[in-house]
Amino acid sequence: MSGEALRVAVVGVGHLGRHHARIASALEGVTLTAVVDLKADRAAEVAAAHQTTALTDYRELLDRVDAVVVAVPTEAHLAVALPFLERGIGVLVEKPMAQSLDEADAMLAAASASGATLAVGQTERYNPAVAAVLPLVTSPRFIEVHRLGAFSERSLDIDVVFDVMIHDLDIILALVQSEIVSIEAVGVPVLTPKFDIANARLRFASGCIANVTASRISRDRVRKIRFFQPDAYISIDYAEQSAEGWRLTRRDGQRPQIQGGAIPVQADEPLRRELADFVGAIRERRAPLVDGVAGRRALALATEIAEKMKTV
């Protein structure tokens, strides 16, 4: 396979899936074999834009591809992903990984049995600003997150915790290598029957506390995360792909000084980086940056937060 183009298909070409198709069609070493959607006209439109085949049944791909991107509604993730995983075909499934932990476990078991690559679309982990900052976050004591967005007709089948907060939960779990000892959470269903705005306060055994707010009913779009650790402050603006860091430096006999400023970030499209990593993981037979285990871990925390909100 190393000398041949990887045959990739995208299943589900709605808002996000069509971006996957656009990027896959231009990715080096990849052939976009087909796009699949239950809406034949939508599949045909996206296929025509990228000179590929349009299908309405993903099962037609089982013997024709090396990898698939699953961008269908969450409730169908397992049904679509499982046949490919069982055949050893790589799967990049959009977040949240599944609609339950049992379904996530079924994906993990199938991937383990066949040796298939399983990646989860926690796209913010591929944000260049996140990549630039991660080595600097070594001992966070307090983390503050605001992820606010305007109302959209997309992803209304799931709570805002699974829709958008899960991105930040994934990043926090990757950074704070400590057990969560307590969770406080509240959510409000404002415009839909699901929770549209939520806040969670996570306390870790290390003493770190994370305060995470997510909303899909705000007028302003804010996507920021801030880290406070001894003698240092680091912040990321996900949307702007920018970061800054400030540190207190101490020298014998002198007053402490504050140093820092903007952290260099090489702008790039996170989704492109995600797909490139997925393809690279298959070719190099390695784990992707966000594998199935990481996807399940984020889903487990999101599930616990959602359960806490229901009891308030």
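The values are calculated or read from the model by the stated rules, or taken from the named source; none is laboratory data. This is a predicted model, so every value here is computed, not measured. FYI the Cβ positions are ideal-geometry reconstructions off the backbone, even for glycines, and counts take in every protein chain you see.
Conditions tested, residue by residue: (1) out of contact with any helix residue (DSSP H, G or I) (no Cβ under 7 Å at 6 or more places or on another chain); (2) of a type in the set (A, V, I, L, M, F, W, C); (3) in a helix (DSSP H, G or I).
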{"site": "ALA262", "(1), (2), (3)": "yes, yes, no"}
{"site": "ASP268", "(1), (2), (3)": "no, no, no"}
{"site": "LEU271", "(1), (2), (3)": "no, yes, yes"}
{"site": "ALA276", "(1), (2), (3)": "yes, yes, yes"}
{"site": "GLY280", "(1), (2), (3)": "yes, no, yes"}
{"site": "ARG283", "(1), (2), (3)": "yes, no, yes"}
{"site": "PRO288", "(1), (2), (3)": "no, no, no"}
{"site": "ALA294", "(1), (2), (3)": "no, yes, yes"}
{"site": "ALA298", "(1), (2), (3)": "no, yes, yes"}
### Message
With the structure loaded, tell me whether THR74 is among the polar types (S, T, N, Q) and within 30 Å of ASP159 (Cβ to Cβ) or whether it fails that test.
### Response
yes
### Task
Examine the range 46-56 for a residue that is in contact (Cβ under 8 Å) with a residue 24 or more places away in the chain, farther than 13 Å from ALA119 by Cα and touching a Phe, Trp or Tyr at 6+ places or on another chain (Cβ under 8 Å), and state whether such a residue exists.
no
### Query
Can you pull out the residues in the range 153-196 that are in contact with a strand residue (DSSP E or B) (Cβ under 8 Å, 6 or more places away or on another chain), over 17 Å from ARG141 (Cβ atoms) and surrounded by fewer than 20 Cβ atoms within 10 Å (Cβ to Cβ)?
ILE183, GLU184, VAL186, VAL188, VAL190
### Query
Going by the conditions given, is GLY115 at positive phi and not aliphatic (A, V, I, L, M)?
yes
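Residue-by-condition table, conditions (1) touching a Ser or Thr at 6+ places or on another chain (Cβ under 7 Å); (2) buried (at least 17 other Cβ atoms within 10 Å of the Cβ); (3) under 25 Å from ALA281 (Cβ atoms):
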residue: ALA5; (1), (2), (3): yes, no, yes
residue: VAL8; (1), (2), (3): yes, yes, yes
residue: ARG22; (1), (2), (3): no, yes, yes
residue: ALA43; (1), (2), (3): yes, yes, no
residue: ALA49; (1), (2), (3): no, no, no
residue: ARG59; (1), (2), (3): no, no, yes
residue: ASP63; (1), (2), (3): no, no, yes
### Count of the range 218-248 residues which are surrounded by 12 or more Cβ atoms within 10 Å (Cβ to Cβ), over 20 Å from ARG125 (Cα atoms) and of a type outside the set (Phe, Trp, Tyr)
6
### Task
Can you work out which of the residues in the range 76-111 that are surrounded by fewer than 17 Cβ atoms within 10 Å (Cβ to Cβ) and either touching a Gly at 6+ places or on another chain (Cβ under 9 Å) or at pLDDT below 95 (or both) is farthest from VAL65 (Cα to Cα)?
ALA76
### Task
Output the residues belonging to the range 80-106 that are part of a helix (DSSP H, G or I), free of Cβ contacts under 8 Å to residues at least 60 places away in the same chain, touching a Ser or Thr at 6+ places or on another chain (Cβ under 9 Å) and aliphatic (A, V, I, L, M).
LEU85
#### Entry: Test: residue in the range 139-150 that is touching a Pro at 6+ places or on another chain (Cβ under 6 Å), farther than 23 Å from LYS310 by Cα, buried (at least 16 other Cβ atoms within 10 Å of the Cβ) and not assigned by TED's automatic domain parsing to the domain that holds PRO73
no
### Query
Could we say that SER215 is of a type outside the set (A, V, I, L, M, F, W, C), at pLDDT below 95 and surrounded by 10 or more Cβ atoms within 10 Å (Cβ to Cβ) here?
yes
### Message
I'd like to know if the range 240-252 contains one or more residues that are at pLDDT 95 or above and either more than 23 Å from PRO135 (Cβ to Cβ) or out of contact with any strand residue (DSSP E or B) (no Cβ under 8 Å at 6 or more places or on another chain) (or both).
### Response
yes
### Task
Select from the range 24-41 the residues that are part of a strand (DSSP E or B) and not aliphatic (A, V, I, L, M) and write down the one among them that is surrounded by the most Cβ atoms within 10 Å (Cβ to Cβ).
THR33
### Selection count, the range 197-215, where residues are touching a Lys or Arg at 6+ places or on another chain (Cβ under 8 Å), in a loop (DSSP other than H, G, I, E, B) and without any contact (Cβ under 8 Å) to a residue 40 or more places away in the chain
0
